[in-house]
Every structure is written in C-alpha cells, then in structure tokens.
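Chemist: Quick one: the structure is below, and I'll ask about it shortly.
Nothing in this text is a laboratory measurement; each read-out follows from the coordinates by a stated rule. All figures in this text were calculated on a predicted structure; none of them were measured in a lab. Cβ coordinates were reconstructed from backbone atoms using ideal geometry, including for glycine residues, and neighbour counts include every protein chain displayed.
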Amino acid sequence: MNKIVLFYGSSTGTCENLARDIAEKLNLDSSVVHPVSELNEKTVAAADTLLLGTSTWGWGDIQDDWADALPKLKAMSLSGKKIALFGCGDSSSYGDTFCDGMGILYDELKESGCTWIGTGVSTDDYQFNSSKAVIDNAFVGLAIDDINQNDKTEERINTWITLLKTQI
Ligand SMILES: Cc1cc2nc3c(=O)[nH]c(=O)nc-3n(C[C@H](O)[C@H](O)[C@H](O)COP(=O)(O)O)c2cc1C
C-alpha cells in the first residue's frame, strides 16, 4: 500500500492550487493535501511518499511556513520514504532566483535517506538565469511559472505526473 501525502507552502494560493491539481491528477482524495503549517510527525510517519511544494519569496527564500516546518521535518525519520518536490515562482521578475525555494528543500533534505522521485525535469522552454532548483542541468522537481508561462502549466503538470506514476 503506497500512502501519499502532500504538503505545500503558499502565501497567495498559487502553490496551494498546484498541490490540489497534482493530487487530483493522481486520483488522491483532497484530505491528503495539507498546508505545511500543519506538518506533524504522525502524518509523515504514516506516509510512504511525500510530495512537498513551496513557492519562492524575498530574493530566493523558501515560503515562510517552511521556516518552522523544515527543521521539524528534518528531525523526523525519512529514510525509506519517497519524496518529490514541486515549486512555483516568477522567472521573469526573479530570473536569478527562479524557484530557489524548491532547491532549498532539496538541499536541506538530501542527507535524509529519502529516495528522490520526480527529479530530472528538463529546463527546456523556461527562461531564467539561475536557480538553486537546477542540478546537472535539470530541475529537482516540477517547476511552475504561472505568472509568465501559464499556458505551459497544465502540460508541465501532466508530464511530471506521468513520470511520478512510474516511480511511486
Ligand atoms: C516580493 C516577491 C518576491 C518574490 N521572489 C521570488 C523569487 O525570488 N523567485 C521566484 O521564483 N519567484 C519569486 N516571487 C514570485 C512568487 O514565488 C510567485 O508569485 C508564486 O506564484 C507565489 O506562490 P504562492 O502564492 O503559492 O506563495 C516573488 C514574488 C513576490 C511578490
């Protein structure tokens, strides 16, 4: 039995909508989608797969609610769990820090013993200068720019979901 839960950090609703879209496309009940402010050990411990999302604020900062949640999550046992990341940002106004928050999540959790899924997302068709979410020329998870490339959002989610389904 593969139990999936989603946690998102969202200030104005974009990453929340993204989390809900992802859950729907994976045929998951909306009850498995949580704001990261509600992250707790019981829910994490019961999950086999975590889908973690964040927007990026300030100048390459992770969304505010992750400030409390990330140390909590790091203190939990994540060994053997699968983790996938998703993020949203603005590649035009913040082209030097595009989706950095997702890169911060990856960096902070890379020693956790988790198994990454949903990585290696092509940067083709994105326009930005740099991003902490890019490793070896690919995004570490799903990167969405709903502000400048709204027309590509649906296809990007669908492509990522197809990848995830082979790895979950
Ligand atoms: C003040 C401000 C700072 C931002 N900084 C970044 C940034 O550094 N990198 C980025 O990719 N997007 C940045 N953004 C864009 C947001 O991440 C984007 O609007 C996102 O969709 C917000 O998602 P949320 O509503 O889920 O929080 C910034 C937006 C604002 C208003």
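Chemist: Rounded to the nearest 10 degrees, what's the angle between the helix 14-25 long axis and the longest principal axis of the chain, both from Cα atoms, 0 to 90?
Modeler: The two axes meet at around 60 degrees.
Chemist: How large is log10 of I(q)/I(0) for the chain at q = 0.13 Å⁻¹ when the intensity is taken from the Debye formula with one equal scatterer per alpha-carbon?
Modeler: With one equal scatterer per Cα and no solvent, log10 I(q)/I(0) is -0.53.
Chemist: Moving on. Give me the percent relative contact order of segment 4-167, please, defined on Cα pairs under 8 angstrom at least 6 residues apart.
Modeler: Computed value for segment 4-167: 21 percent relative contact order.
Chemist: Hey, got the dipole for segment 4-167? About the Cα centre, +1 on K and R Cβ, -1 on D and E Cβ, debye to the nearest 20?
Modeler: The dipole magnitude comes to about 600 debye.
Chemist: Length gain on complete extension for the stretch R20 to N148, per 0.36 nm per residue less the alpha carbon to alpha carbon distance?
Modeler: That works out to 44.0 nm of additional length.
Chemist: One-quarter of the Cα convex hull surface for segment 71-168, in nm²?
Modeler: Quarter of the Cα hull surface area: 6.3 nm².
Chemist: Can you find, among N27, T12, V134, the residue farthest towards the positive end of the dipole of the chain? Put +1 on the C-beta of Lys and Arg, -1 on that of Asp and Glu.
Modeler: About the Cα centre, the residue reaching furthest to the positive side is N27.
Chemist: Once Lys and Arg get +1 and Asp and Glu get -1 on their Cβ, which of S93, N148, L39 lies farthest toward the positive end of the dipole of the chain?
Modeler: Looking along the dipole axis, the top candidate is L39.
Chemist: What fraction of the DSSP beta bridges in segment 4-167 is antiparallel, stated in percent and rounded to the nearest 5?
Modeler: Antiparallel: roughly 20 percent of the beta bridges in segment 4-167.
Chemist: Arranged from highest to lowest average of other beta-carbon atoms within 10 Å per residue, in what order do the peptides 61-74, 85-98 appear?
Modeler: Per-residue Cβ counts within 10 Å, averaged per peptide and sorted highest first, yield 85-98, 61-74.
Chemist: I'd like the orientation of helix 100-109 relative to the chain: the angle between its Cα long axis and the longest Cα principal axis, in ° from 0 to 90, rounded to 10.
Modeler: In the chain, helix 100-109 runs at an angle near 30 degrees to the longest axis.
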